[in-house]
Amino acid sequence: MQIYLFIYIFFSSFFNINGSICSFKNAIKDSVIDFEPIFNLYVVDMGFVGTYESNIYFDFCTNSPLVECNGIGINICQKLSSSEIFDLGSLFNVIFSDNIIQVTYKATVVDGALSTCADPTAYEKYKRVTDFLFTCDKDVPEKTVVFALETQPCHYEIRMVGKEFCDCDSCAQIHSSCYNGRCQCDQYTTGETCNQLKIKIAQVISTSINGGRGYLFGDFGSIVSNFQVFIGVIQCGYTSLIDPSQIEILAPPGSGFQSITITDGISSYHSPILFEYTFTTCLNDCSPPHGNCDLAIGVCSCNNQTFGTNCELLNIRIDSIISTTINGGVGYLNGDFRFMTPNFKVFVGETLCTDVELVNATTIRISVLPDNGFKKVNISDGISSYDSPVLFEYINVPCLGNCSQPHGECNLFLGVCTCDNQTNGIGCEFLNIKIDSIISTTIIGGVGYINGEFQFIIPNFTIFVGETLGTEIELVNETTIRISVPPGVGFKNVTITDGVSSYLSPILFEYINVPCLYNCSQPHGECNLFTGFCTCDSQTNGTGCEISRIYIDSIDPTDENGGKTYLYGFFGNTTSNLFIQIGDNHCNNTQQINETLIKCYVGIGSGFKDVLLQDRDLQVKVEKLFQYFAPITTNAPKPCLNNCGGPNQGVCLSSGCSCISPWIGNDCMYKIVNIPQPSINYSNPITEIPLFESINNTNKEIENKLFISLISIVKLRELDFNSKEVNSFTFKEWEFKIINSETSQFKTNFKNSGLNTNVTVTLQWFKTEADFEFGNQVIKMNPSSIKYTIEISEFKFLSKLNQLQLIMKASISVNKTSEICADKEFGETSNGDDSNYLKVQVDNHSLYGRFIKRALIDSIPRSIENVQLDSSMNIVDSASESQSFIGISVPYFKKQIIIDPDFSILVGTPSNSFNSICSLNDSNNFSKTKISAIVISGFFGILTVLTIAIYSYYKKKHDRNVINELRLKMTTKQVDILIYKSDANVIECPGSVSNENLKRVTDFHFNCKKNVSGISVISASESQQCHYEIRMDSKDFCDCDNCAQNHSSCYNGKFFIGDLKCEYTKLINPTKIEILTPPGSGNQSITITDGISSYLSPFLFEYTFTLCLNNCSQSHGVCDLSIGVCACDNQTNGTVVENPRIYIDSINSTYENGGTAYLYGYFGNTFSNLFIQIRDSHCNNTQQINETLIKFDLGEGSGFKDVSLQERDLQVKVEKLFQYFAPITTNPPK
């Protein structure tokens, strides 16, 4: 059965988005073009009842998948009748070739109703291949029909009848497109293949056989932009479309007739009109008879008299012209005239010269008529000519100085000037003025006056005095001119000029010498008569060297025997007339070390003395500046009491008893007690020394005594010459620092009259006997003694006659109130150390203090006085406590004092002196008072046992001294230990009986908890009778088990920041430590160590940049952020650049007319903000010469004036410093 298929193609989407036609032929090449035809296949089958209609959708121009079939089939589908759509299978492949599209898809079998061209046994198992073969026929009607014939199963032969499906062969590229099988030309071309340019040539203007510029006329409105023109086969070197009707060309050389072709390389135009090359004639026919024309080439051949294209130029040359004046006359032309024609003429401008003569081959003489200006010179023989490059210049008849334009007008024919009324002279070179007299200035310059006749003076005139231009010139009236002149000397010419004309005064300007102020205070200064300024010596300054610079700042004291002393201050360069007197003594052997230091020798004296220094006429005197201080004395001899204790305790010398260690005292009857080093008080320099003594009393009972010795600094006070207190200073806060295991240091300060005075107390413990030097004296330190070294810095005394007194307190007490005596003793030592001693005694124990009777005062050993102050102080003395106050008095000082007392504990016999205070046991009076005393004594006895137990425990463990800590905590009621006595029998404990006269044995067992914080608490519980378990909850009370060797404190270490040790550490409280860090940067580790054990902090120490105080006063300093220190400019100094250095020393005077002045002092490097004012007048033209000299101009005035100088935020003002003095006058005419 043959099936005819009629396929109607509906082009609902025929063209792609690019607007180009997609051809089936070469479909692969055109696959970038997208269109989508729809094929409707009508299948006629006589054997079937129904008609099968298949819609196949193609995308011929891409390789993308085909369109879905209503969401059921993919890519290719078949529609049965109008109700069902069957999927023909998924698209497998599409192959494009020149005239075939082969579509491969998987077959679908529907009850065998459709021939599938594949194995009907399985769905989508085999592929169905359908070939579509295309043919083309252009010569058909417009309606497009595609016939498809299934020549064999699954092979359709499709004939595409229509121009739209046929491509166009041989179309010109770029200029055409294919449509319906035909070439479609663009606007520039025509023809079947679009190979002809759409232009037309109507006329041709040819060139000569040499080629050149030619023109084509016609219709060039549709010509392409990149066209080329060929003459014959040669391309024109240049083409240009002048307008749509004209083309300009540069034709190559040629001959005869040549074709004309215009092309763009693809399409072209061949002109029907030919290009005709013509012969060329010579221009001007070669100026006969000077040349002949070569018609073949159109070139002239000239004779030796001419040259040029057409022999139009004469072969001559003019090098120079000798002109005439504007009156005319004979002139000369110089050059090369060897080939000059015979009958030549010469024109100067438009005028023909007469009497023209060729003098020789290089010179022509001519006669010219009168004229002016520059004129061209032309030589001609009527056919050829020559234009001279050199012009003929008519020379004016000169006037002198061109009449000093604009003051005169020159008659060029006569050479005579006609001057205006402001000038005269042949060339109007003189100003028409007259000077009759001149009021000059001094040699420092200033304002002067010129008198004369100036009614015809010009407006913008200047005046020179000598070679110097005057300033501030003013025409006061027709007879007076005012002028400011700079400094000068001698006689000077005066010239008035406007830059063209001038006037030289017959009268000279005389600079008048100015005498120096005070004649420079001879012999201290030298006057410069040219400037009027003084050059002062090193001892004076000021305008007239009238101000003395010498002063005395201080002088070293001597003892009353006199001797060498040094004066400090400023003395300049002294002369042989130098005289120094101290009191009534002349200071001899005077020697000046430098400008600030003088050495001399003074005689004996006492007290404070005036100091007088005189050199020539300069003198300075300072009252009560020098001090004779008392010489260091020795103690008076003492009698040897008690045989100095015997040969084993002391030796009797002429000065008294000299004791053998460990014995001490004026009779060597007291023995130094060897005690452990006292604990450190971290708050202030108080030393507390506890001492226990356990003895058998008269009742053969063991008696325990606790002696407490205290040493403290009470206050500092200033005394007048009557020893009356005028100032008092107490010390509240101290800074603590440990120097080493035996030395600690305390620092404090106070402010007095604006001055900070520092007090440093250094405590040094001497475990063994040692010698040290103080004030040029060797002092022996006893074993188990403590030395106080007290340094006091500069102090501001109310008077130099006053003295400073440091008050110290020493006391000793015991926990016994009966059958005991207390005593105190103050006097001089007898062992040769020239000291005072203080001995405060309770029972048989004493606190012994030694006060050396000398101090280092301003680094000089000097005598001081130690005074017992008990009568004026509130002392508390009893039988169980003895205390005393010692005042260490030092005289007036400037820089520093150092004093050095020391203290020891002595044991000896109880005191029985008349002054002793005793408490005796009255056996006949057993009163309630006595019972109370016994109760209290019992309390203290138990407390003593408890304290001894604690002390023994911690001493054994080598930890800190708990006795003081426990006592202090009891005092502050942090621990209350209460012992009750009842009427009932005392509880019997093992080893004891119920008898108060016997001992009750109580065991105290201590537990320690180290890892606690906060307040320290001691708690006790009686775990069993007479056995107390005490828990001490604090690190402060705990020893360090298994600690590193040599530890005496568990927390008292040293600090390190990075690898650098901190110079100062202080434990403020249990939660805070103060340190003095070394310089550094960035983040550094923190290590606490004592050299054996250490602690590495998890926190880092971060160094920050240090800001400078007040930001270094802004513009005057730069802050070094690493150290927080200001680098000041040269106008300031101080920590925060707060102290200005600028000052005004002097200023030279001027006349009342004002003028130039000079300011002397120190000004640093000034800025544009510099402002100087003399009273109410602002100074102008300010110029800084150097750091000590400023020059400026000021206006007129009179009398004395204040001078103020301001530079940015710095200002200095000096009253009545500047003086206007009256000018030197002349007598009026008689």
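The values are calculated or read from the model by the stated rules, or taken from the named source; none is laboratory data. Please read these numbers as outputs of a predicted model, since none were measured by experiment. Methodologically, a virtual Cβ is constructed for each residue, glycine included, from the backbone with ideal geometry; neighbour enumeration extends over all protein chains shown.
Just to be sure I understand the filter: pairs with C-beta atoms under 8 Å, separated by 6 or more residues or on different chains, first member in segment 659-671 and under 17 Å from residue 766 (Cβ atoms), second member acidic (Asp, Glu). Which pairs pass?
661/769
Do we have any residue at all in segment 742-751 that's of a type outside the set (A, V, I, L, M), in contact with a Phe, Trp or Tyr (Cβ under 9 Å, 6 or more places away or on another chain), under 23 Å from residue 850 (Cβ atoms) and without any contact (Cβ under 8 Å) to a residue 60 or more places away in the chain?
Yes, segment 742-751 contains a residue that is of a type outside the set (A, V, I, L, M), in contact with a Phe, Trp or Tyr (Cβ under 9 Å, 6 or more places away or on another chain), under 23 Å from residue 850 (Cβ atoms) and without any contact (Cβ under 8 Å) to a residue 60 or more places away in the chain.
Could you check segment 871-882 and list, in sequence order, the residues that are at pLDDT 90 or above and either among the acidic types (Asp, Glu) or under 56 Å from the mean Cα position of the chain (by Cα) (or both)?
Within segment 871-882, 881 is the sole residue that qualifies.
Restricting attention to segment 816-856, and to residues there that are under 60 Å from the mean Cα position of the chain (by Cα) and of a type in the set (A, V, I, L, M), which single residue is nearest to residue 660 (Cα to Cα)?
852
Checking residue 707 against (1) at pLDDT below 90; (2) surrounded by fewer than 16 Cβ atoms within 10 Å (Cβ to Cβ); (3) within 23 Å of residue 875 (Cβ to Cβ), which single condition isn't satisfied?
Of the numbered conditions (1) at pLDDT below 90; (2) surrounded by fewer than 16 Cβ atoms within 10 Å (Cβ to Cβ); (3) within 23 Å of residue 875 (Cβ to Cβ), the odd one out for residue 707 is (2).
Does residue 553 satisfy being surrounded by fewer than 21 Cβ atoms within 10 Å (Cβ to Cβ), charged (D, E, K, R) and over 17 Å from residue 612 (Cβ atoms)?
No: the conditions fail for residue 553.
For the subset of segment 385-435 comprising residues that are assigned to a loop (DSSP other than H, G, I, E, B) and on the phi > 0 side of the Ramachandran plot, which member is modelled with the lowest pLDDT?
By that ranking, first place goes to 415.
Taking the conditions exactly as written (at pLDDT 90 or above and either part of a loop (DSSP other than H, G, I, E, B) or surrounded by fewer than 16 Cβ atoms within 10 Å (Cβ to Cβ) (or both)), does residue 714 satisfy them or not?
Taking the combined requirement at face value, the residue does not satisfy it.
Here is a list: 874, 844. Which entry is in contact with a Pro (Cβ under 6 Å, 6 or more places away or on another chain), outside the structural domain of residue 565 (by TED's automatic domain parsing) and surrounded by fewer than 22 Cβ atoms within 10 Å (Cβ to Cβ)?
Exactly one of 874, 844 is in contact with a Pro (Cβ under 6 Å, 6 or more places away or on another chain), outside the structural domain of residue 565 (by TED's automatic domain parsing) and surrounded by fewer than 22 Cβ atoms within 10 Å (Cβ to Cβ), namely 844.
Residue by residue through segment 1088-1100, note down the ones that are among the β-branched types (Val, Ile, Thr) and in contact with a Lys or Arg (Cβ under 9 Å, 6 or more places away or on another chain).
If the condition is that a residue be among the β-branched types (Val, Ile, Thr) and in contact with a Lys or Arg (Cβ under 9 Å, 6 or more places away or on another chain), then 1088, 1089 are the ones that fit.
Among what's in segment 1064-1086 and is of a type in the set (Ser, Thr, Tyr) and modelled with pLDDT under 85, pick the residue that is farthest from residue 1164 (Cα to Cα).
Among them, the one singled out is 1071.
Restricting to segment 666-693, name every residue that is of a type in the set (Phe, Trp, Tyr) and part of a loop (DSSP other than H, G, I, E, B).
Once the filter is applied, which keeps residues that are of a type in the set (Phe, Trp, Tyr) and part of a loop (DSSP other than H, G, I, E, B), segment 666-693 yields only 682.
What number goes with the only condition from (1) exposed (fewer than 14 other Cβ atoms within 10 Å of the Cβ); (2) under 56 Å from the mean Cα position of the chain (by Cα); (3) touching a residue at least 12 places away in the same chain (Cβ under 8 Å) that residue 481 does not pass?
For residue 481, the failing item is (1).
Could you please find all residues in segment 566-617 being in a loop (DSSP other than H, G, I, E, B) and either aromatic (Phe, Trp, Tyr) or over 20 Å from residue 539 (Cα atoms) (or both)?
Within segment 566-617, 571, 583, 584, 587, 603, 604, 605, 606 meet the criteria.
Check residue 860 against each of (1) under 21 Å from residue 784 (Cα atoms); (2) in contact with a Pro (Cβ under 8 Å, 6 or more places away or on another chain); (3) not hydroxyl-bearing (Ser, Thr, Tyr) and name the one condition it does not meet.
(1)
Kindly list, by first and then second residue, each pair from a residue in segment 449-465 that is crowded, with 18+ Cβ neighbours inside 10 Å to a residue that is modelled with pLDDT under 95 and part of a loop (DSSP other than H, G, I, E, B), limited to pairs with Cβ atoms under 6 Å and residues at least 6 apart or on different chains.
454/433; 454/478; 457/433; 458/422; 458/498; 461/498; 463/470
Taking the criterion of being surrounded by 21 or more Cβ atoms within 10 Å (Cβ to Cβ), in contact with a Ser or Thr (Cβ under 7 Å, 6 or more places away or on another chain), polar (S, T, N, Q) and not in a helix (DSSP H, G or I), would at least one residue in segment 510-523 satisfy it?
Within segment 510-523, not a single residue is surrounded by 21 or more Cβ atoms within 10 Å (Cβ to Cβ), in contact with a Ser or Thr (Cβ under 7 Å, 6 or more places away or on another chain), polar (S, T, N, Q) and not in a helix (DSSP H, G or I).
Please determine whether any residue of segment 574-584 is of a type in the set (Asp, Glu), over 46 Å from the mean Cα position of the chain (by Cα) and not assigned by TED's automatic domain parsing to the domain that holds residue 891.
Yes: one or more hits.
Tell me, which residue of segment 396-433 that is under 20 Å from residue 478 (Cα atoms) and of a type in the set (A, V, I, L, M) is surrounded by the fewest Cβ atoms within 10 Å (Cβ to Cβ)?
Step by step, filter segment 396-433, then rank; the result is 433.
Within segment 458-492, track down each residue that is within 22 Å of residue 407 (Cβ to Cβ) and either modelled with pLDDT under 90 or in the same structural domain as residue 1154 (by TED's automatic domain parsing) (or both).
458, 459, 460
Counting only residues that are at negative phi and touching an Asp or Glu at 6+ places or on another chain (Cβ under 9 Å), how many does segment 336-362 have?
Final tally of qualifying residues: 11.
With respect to the numbered conditions (1) out of contact with any helix residue (DSSP H, G or I) (no Cβ under 9 Å at 6 or more places or on another chain); (2) closer than 30 Å to residue 254 by Cβ, which one is the sole condition not fulfilled by residue 328?
With respect to (1) out of contact with any helix residue (DSSP H, G or I) (no Cβ under 9 Å at 6 or more places or on another chain); (2) closer than 30 Å to residue 254 by Cβ, residue 328 is out only on (2).
Are any of the residues in segment 801-815 surrounded by fewer than 17 Cβ atoms within 10 Å (Cβ to Cβ), within 53 Å of the chain's Cα centre (by Cα) and in contact (Cβ under 8 Å) with a residue 12 or more places away in the chain?
Yes; the residues of segment 801-815 include at least one that is surrounded by fewer than 17 Cβ atoms within 10 Å (Cβ to Cβ), within 53 Å of the chain's Cα centre (by Cα) and in contact (Cβ under 8 Å) with a residue 12 or more places away in the chain.
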